[in-house]
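Take a look at the structure set out below.
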């Protein structure tokens with residue numbers, strides 16, 4: 001039997017009459033649902049009880065039962081704590097978008113959970129602009145998260161394994177992959193490579209340089225076959241000169257080195273100069289981004 005509520009007070013619902021929403025935006029592997037996270041919350045609930053009531057709606061197919069609108073973590077933790085009831089307000093005007101908005105305001109959703117919600121809304125025929133309006137986010141926010149639904153495999157692996165969680169960095173990696181999938185794949189295949197704003201910036205600087213280098217070399221080779229030999233030689237020299245005033249610094253096998261803008265024998269290799277002056281051609285996957293120094 002339900003404990004009656006006074007005006008403005010929540011009901012005390014028996015936990016065995018409450019079901020979780022199978023379509024809630026949180027994924028099963030959400031950090032908030034981890035054993036450690038729920039265990040901490042259960043400990044707090046044993047000491048102080050549930051201070052913030054959950055929101056439920058009446059079950060449309062099972063009279064007398066309720067579905068959680070918001071508060072799945074408190075619901076699960078209350079069970080772990082051994083409680084028999086939980087404070088709750090009934091709100092029958094509640095849908096998935098409301099759940100997403102609630103969790104976004106609390107910063108409770110992962111980027112993947114947000115992307116999955118956007119994917120479901122797109123599948124229902126909503127436009128990105130409409131989704132943005134519904135959850136009070138910018139169209140750019142929707143576009144960035146929607147990209148997570150169709151990532152290149154190497155980037156998807158890095159994202160799924162939580163090596164990179166920042167959505168803007170994921171988008172930068174996607175752009176870099178489109179330019180040079182071989183180089184980015186080799187870079188991401190190195191499990192020791194940290195994925196940070198600095199390292200991704202260095203990667204993109206390197207890709208920009210290599211693209212310019214290849215373009216100039218190709219132009220030089222075309223001109224070498226023509227009558228404009230002097231121009232070809234000039235272009236060849238340009239191809240080996242940095243296109244920007246700076247040095248990309250890395251470490252290789254524990255030694256500091258700088259990247260040389262010299263055409264490598266393979267797209268998976270690069271030329272570097274060590275601090276002692278030695279020059280060597282090394283695997284890109286063995287280079288670890290460190291810093292950029294202007295000159």
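Condition check ((1) in the same structural domain as residue 162 (by TED's automatic domain parsing); (2) modelled with pLDDT of 75 or more; (3) closer than 21 Å to residue 151 by Cβ; (4) out of contact with any strand residue (DSSP E or B) (no Cβ under 6 Å at 6 or more places or on another chain)) across all residues:
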position: 191; (1), (2), (3), (4): yes, yes, yes, yes
position: 208; (1), (2), (3), (4): yes, yes, no, yes
position: 221; (1), (2), (3), (4): yes, no, no, yes
position: 254; (1), (2), (3), (4): yes, yes, no, yes
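Does residue 113 satisfy the condition of being closer than 28 Å to residue 166 by Cβ and at pLDDT below 90?
Working: closer than 28 Å to residue 166 by Cβ: yes; at pLDDT below 90: yes.
Spelling it out, residue 113 is indeed closer than 28 Å to residue 166 by Cβ and at pLDDT below 90.
Does residue 168 satisfy the criteria of being out of contact with any strand residue (DSSP E or B) (no Cβ under 7 Å at 6 or more places or on another chain), part of a helix (DSSP H, G or I), at pLDDT below 85 and outside the structural domain of residue 95 (by TED's automatic domain parsing)?
No; evaluated as a whole, the condition is false for this residue.
Looking only at region 130-165, count every residue that is free of Cβ contacts under 8 Å to residues at least 24 places away in the same chain and outside any helix (DSSP H, G or I) and tell me the total.
4
Counting only residues that are at pLDDT below 90 and not in a helix (DSSP H, G or I), which one in region 89-110 is nearest to residue 161 (Cα to Cα)?
At the first step, the residues of region 89-110 found to be at pLDDT below 90 are 93-110.
If we keep only those that are not in a helix (DSSP H, G or I) as well, we get 93-95, 106-110.
Working: 93: 37, 94: 33, 95: 30, 106: 24, 107: 20, 108: 19, 109: 17, 110: 13 Å.
Only one residue fits best here, namely 110.
Please pick out the residue among 124, 163 that is surrounded by fewer than 19 Cβ atoms within 10 Å (Cβ to Cβ) and closer than 20 Å to residue 188 by Cβ.
Working: 124 fails: closer than 20 Å to residue 188 by Cβ.
Exactly one of 124, 163 is surrounded by fewer than 19 Cβ atoms within 10 Å (Cβ to Cβ) and closer than 20 Å to residue 188 by Cβ, namely 163.
The values are calculated or read from the model by the stated rules, or taken from the named source; none is laboratory data. Treat the numbers as computed from the prediction; the structure is a model and nothing was measured. Methodologically, a virtual Cβ is constructed for each residue, glycine included, from the backbone with ideal geometry; neighbour enumeration extends over all protein chains shown.
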